[in-house]
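Read through the structure below, which is laid out as structure tokens, and then see the notes.
The values are calculated or read from the model by the stated rules, or taken from the named source; none is laboratory data. Being a predicted model, the structure only gives us computed values, none of them experimental. Every residue, glycine among them, receives a Cβ derived from its backbone with ideal geometry; neighbour counts consider all protein chains shown. Each accessible area value is taken on the protein alone, full model and side chains, heavy atoms only, with ligands, DNA and RNA left out. Shrake-Rupley method; radii C 1.70, N 1.55, O 1.52, S 1.80 Å.
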Amino acid sequence: MEINDSIKKKLRILGVDIESLKPYLVKHLQKVEEEICTRNDNRSLAMETLRQNDYDVKSIAEATGISRTTFYNYDRLLQRYVELSHENDYKDDLHAQIRNLRETVRMLQEEKALMEQRDCRELQIKAENTRLKQQIADRDKTINNLRKRIVTSIGEGCNSNLDK
């Protein structure tokens with residue numbers, strides 16, 4: 001009796017020796033795997049059906065033959081009606097909530113990346129400011145030293161003129 005790859009893989013994960021199983025247990029495993037596959041197929045089909053039946057103003061306009069501009073006329077009544085219906089119909093839909101949460105996470109990640117870039121620029125500016133302040137302090141010190149030398153040399157020049 002051949003055990004399919006899925007069963008072999010799952011038994012390996014469970015740490016079960018395939019050869020140690022009794023034939024009736026292998027048959028049970030095959031039936032269980034068959035049922036799991038059927039349910040997974042049904043779930044996939046149901047999820048695809050749900051995705052295909054999601055709606056927005058555009059899809060409702062196309063399905064009803066009403067132009068999209070009409071949806072946006074008359075104080076946007078038709079648009080608001082579709083949006084309200086969608087909100088009410090999908091408020092308990094976990095898949096819609098997951099999609100919304102994923103979109104929120106994506107937007108927050110983008111925002112975080114922008115903030116990180118901003119913070120890096122700020123740190124670079126602060127480092128440059130510190131470097132420039134040090135450069136100014138060094139130049140101020142040099143200027144003060146030069147002033148002292150000038151004053152000293154002027155003072156020595158005056159003293160030598162007084163000596164004459």
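Dipole orientation for region 60-164: of the candidates HIS95, LEU123, ASN144, ASN144 has the Cα lying most toward the positive pole (charges on Cβ; Lys, Arg +1; Asp, Glu -1).
What number do you get for the chain when its Cα radius of gyration is normalised by 2.2 N^0.38 Å, N = residues?
Numbers: Rg = 39.3 Å, N = 164, 2.2 N^0.38 = 15.3 Å.
This ratio for the chain stands at 2.57.
Once you have a ≥ b ≥ c as the square roots of the Cα gyration tensor eigenvalues for region 12-106, tell me rounded if a/c is under 1.5, and otherwise prolate or oblate according to whether a/b is larger than b/c. It comes out prolate by the Cα gyration axes. Among the lysines of the chain, pairs that are 8 or more positions apart or on different chains and have alpha carbons within less than 27 Å of each other number 16.
Determine the share of region 12-164's accessible area contributed by carbon and sulfur atoms, expressed in whole percent, with a 1.4 angstrom probe.
Numbers: 7550 of 13490 Å².
Of the solvent-accessible surface of region 12-164, carbon and sulfur hold 56 percent.
For region 34-77, rounded, prolate or oblate, judged on the Cα gyration tensor with a ≥ b ≥ c (square roots of eigenvalues), a/c < 1.5 rounded, else prolate if a/b > b/c? Judged from the Cα gyration tensor, region 34-77 comes out prolate (a/c at least 1.5, a/b above b/c).
Overall, region 68-164 carries a charge dipole of about 780 debye about its Cα centre when +1 sits on the Cβ of Lys and Arg and -1 on the Cβ of Asp and Glu, all other atoms neutral.
With the other protein chains left in place, how much accessible area per residue, in square angstrom, belongs to the chain at a 1.4 angstrom probe?
On the way: 14340 Å² over 164 residues.
Per-residue value: 87 Å².
For the chain, adding -39500 (n - 2.57) for each run of n ≥ 4 DSSP H residues and dividing by the number of residues yields -29500 deg cm²/dmol at 222 nm. Between the listed residues ASN40, VAL82, VAL105, the Cα displaced farthest toward the positive end of the dipole of region 1-123, a dipole computed from Cβ unit charges relative to the Cα centre, is found at ASN40.
Each Lys and Arg adds +1 at its Cβ and each Asp and Glu adds -1 at its Cβ; summed about the Cα centre, the chain shows a dipole of about 1080 debye. Overall form of region 58-109: prolate. Here a/c, set by the Cα gyration tensor axes a ≥ b ≥ c, is 1.5 or more, and a/b is the larger of a/b and b/c.
Phi angles across region 61-68 convert, under the Karplus curve 6.51 cos²θ - 1.76 cosθ + 1.60 with θ = phi - 60°, into 3J(HN,Hα) values of 4, 5, 5, 8, x, 8, 5, 5 Hz, Gly and Pro given as x.
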